[in-house]
Structures are given as C-alpha cells and as structure tokens.
1. Go through segment 48-61 residue by residue and turn each phi into a ³J(HN,Hα) via Karplus (6.51, -1.76, 1.60, θ = phi - 60°); whole Hz please, and just put x for glycine and proline.
2. Per residue, how much accessible area does segment 114-153 have with a 1.4 Å probe, in Å²?
3. Residue by residue, what Karplus-based ³J(HN,Hα) values in Hz, rounded to whole numbers, does segment 129-139 have, using 6.51, -1.76 and 1.60 with θ = phi - 60° and x for Gly and Pro?
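The values are calculated or read from the model by the stated rules, or taken from the named source; none is laboratory data. Here the structure is a predicted model, which means the values were calculated and not measured. Only protein heavy atoms, including side chains, enter the accessible area calculation; ligands, DNA and RNA are left aside. Shrake-Rupley method; radii C 1.70, N 1.55, O 1.52, S 1.80 Å.
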Amino acid sequence: MNKFKSYRSGGMNQTTRRILLLACATALAVGFMVSLPLPAHAQKITPPPVPDGIEVDPGNEVFLLGRGVGTQNYVCSPCDPTKPNCPLSVAFTLFTPQATLFDDQEEQLITHFSSPNPLENGIIRVTWQDSRDTSTVWASVVKAVMVREDSIPWVKLNVKDTGTQAGPTGGDRLTKTTFIQRVNTVGGMAPSEGCQSSLDLGHQAFIHYTADYFFYKKSKDGN
C-alpha cells in the first residue's frame, strides 16, 4: 500500500509539473503574439486637386501624406514702406513654421520647422525631418496660391534642387523626395494687430494652422 501511494504521489507530481510547464509555455506564446507589432496601415494616397501652377511635374508620384498641425510663427520687423504690404514701415514676417505631421492613424510621421541647409552653405530653408529615422529635406517655394482669404497659401515646394540628407544611422525615408505640396490649409495668417509701429518691433505671434503635406518622389517609369 505504501509503495502504491508513493507511486501515485510521484506520478501525480510529474503530471502536475507537466501541466504547469505546458500552461507556462502557452502563456508565453500568447504573450509573445500579443506583443508583436501590428502591421502598419497602408496609406492609399491620391494626389490632391490643386490650382494651376502648383501641380507637380510629370515623372513624379506621391508616396507620403502628412496631416500637419502647428503654428506659423511671426516677428514684427522693419519693411519697405514703398511696398503695398508695408504701409506702416513695419510688418509681421514669418520666421519659422513649427508643426508635427501625422498619418491617418494619428501616428507621428515628421516634424516641420526652419533650419540651415548644409548643402547650400547654411541658407535657412523650410525643413521636414522624419520622426523615426531623422532623414531630412529642405525645400524652396516654387509657387504659392491663395485659396482662402483667412488661411495661408497652398504651395508647391522644390526639394530635388535644394537638398536631402540621410539620418545619422542611414535612415532614408525622406531622401527620395523631389517635391512637396502644402494644401488644404486652415489658419496660420499673420495677425492684423500687434505690429503697428517701431515700438512693436520684435513682437512675436504664434498662429495656429493645419495643412496637408503631400511628398513626391521620382516615379519608377519616369513618366
């Protein structure tokens, strides 16, 4: 009887251990599956309808869309009173945008600001930097078109002749960029008050805006 009890006890202990090990292995497998990153949501991007003059040249295709949220930042500066936009000899001048671009799942893609372009001996250019791989592009305005009186213009920007740079670890998502379009703008216009005389010089205004940014690259067929 004692041998029988001992055998049953040992067998039960072995079985229990096996069950526990199996349960642990199952739990680890489930946990690993849950922790795996979900596949990225593919963006189906269609080039936007735009006014004449800011369409992108043939031979380029859109590859990235960022929904921009941020501010257009202005400083009260001296200006040429002979110009129609400078009746008071001072005016708000844009000194930098400051925005974050998101995808349609509200995940951060890119930061947008102004910075010296090392490929043009430090000329200050509007800049976009990938939030993950820090690849960077600088651009110059080709054409701007006012679409809404209360909002900053829609613009076409040239990157292919201005410069791109890979991130320090080789990140290159933005380095293929040739053009950028800023469209669907809301807000961001310089204020009508706060820069009326030389006493206001140096005053700053940070004006909220939103916009869509379409990034283009050279198309595979070149057409």
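1. Listing the rounded values in order: x, x, 9, x, 4, x, 10, 5, 7, 4, x, x, 10, 9 Hz.
2. On the way: 2190 Å² over 40 residues.
In whole numbers, segment 114-153 has 55 Å² accessible per residue.
3. After applying 6.51 cos²θ - 1.76 cosθ + 1.60, I find 10, 4, 6, 9, 9, 6, 4, 9, 10, 10, 9 Hz.
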